[in-house]
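The values are calculated or read from the model by the stated rules, or taken from the named source; none is laboratory data. Quick caveat, the model's predicted, so the values are computed rather than measured. Here Cβ is always computed from backbone atoms with ideal geometry, including for glycine, and neighbour counts include all displayed protein chains. What goes into the accessible areas is simple: the full protein's heavy atoms, side chains included, and nothing from ligands, DNA or RNA. Shrake-Rupley method; radii C 1.70, N 1.55, O 1.52, S 1.80 Å.
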Amino acid sequence: MTNNSQTLADALKTLEGQVVESYVDGWKSYWKLVTDVARDPSSFQTAQKEYLNHVVQTVPGNVSKTLQAGVRVYGALIQSGGQLAGELYTRTAQDLTKAATAAATTAETVAARVVEPAPVAPSEFTFEGYAEETLSKRFLVSNRSPHPVDVALEISSFTPDTEGALVQVNVTPQTFSLAANEENVVSCAVTIPPSLTPMKDHRAVLSAPGLPSLSIGLHVRSMGERDVVIEDAPTA
């Protein structure tokens, strides 16, 4: 085998190895997302964010390595194939440049999805109290993107049905805007209605349309009427 032929064979082997490595890395990352969610469905948001972060961190590097390996292949073709290989190299180099631009755009798009506003809050709030008691929780919403965003919080219907008992959920503020890198504290208050069946779990979701990473489960349970009531004694 001539030196030029050996160089071409080595370049092709390197390109094949890089393509396989990129594919295996992407598959392993996706499989981890699937298995993590299968073990714990409530971890979907965290697992999804880890997967997207991994894509953002690895895609540019993998694309760059694959392009470099491809350039080596066509460089070897030029050395071994003469004018025809030179024309092929020129056309392919242009295609690779376009592919690199498209890959960079894709990576930026994925990055934008990862850094969308995300709440610094647990995935679920539990409100367990006596009839007519008001319980509240607070959480932080941060805009980690370079663009301003509008946030409009909504509460889904409770399941199972509260059977006519009105569970009052007050979110303050319910709508607000965040500039780039700005954050805001939100208060969520729940009033336990007297007619709510004691010790029965009811669940709803606090979310913001258009911001899938902002989703908090609301777990409400009534402990019924108080057995002992303590009040201020009247003055003599």
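What ³J(HN,Hα) values, in whole Hz, does the Karplus curve 6.51 cos²θ - 1.76 cosθ + 1.60 give for the stretch 195-201 when θ = phi - 60°, with x put for Gly and Pro?
8, 6, 4, x, 6, 10, 7
Averaging sequence separations of C-alpha pairs under 8 Å and six or more residues apart, then dividing by the length of the stretch 124-222, give the relative contact order as a whole percent.
40 percent
If each residue of separation counts as 0.36 nm, what is the full-extension length gain between E183 and E133 once their alpha-carbon separation is subtracted?
15.1 nm
At 1.4 Å probe size, what's the solvent-accessible area of E128? Round to the nearest 10 Å².
Only protein atoms counted, so the area is about 80 Å².
Rounded to the nearest 0.05, what FRET efficiency do T35 and D201 give with R0 = 35 Å and r taken as the Cβ-Cβ distance? Could you check?
The pair T35/D201 has a calculated efficiency of 0.80.
Among all the lysines, which ones have a C-alpha under 17 Å from K13's C-alpha, if same-chain residues fewer than 8 places away are not counted?
K65
Based on the Kirkwood radius over alpha-carbon pairs, what is the Stokes-Einstein translational diffusion coefficient of the stretch 124-222 at 10 °C with 1.306 mPa s viscosity, in µm²/s?
111 µm²/s
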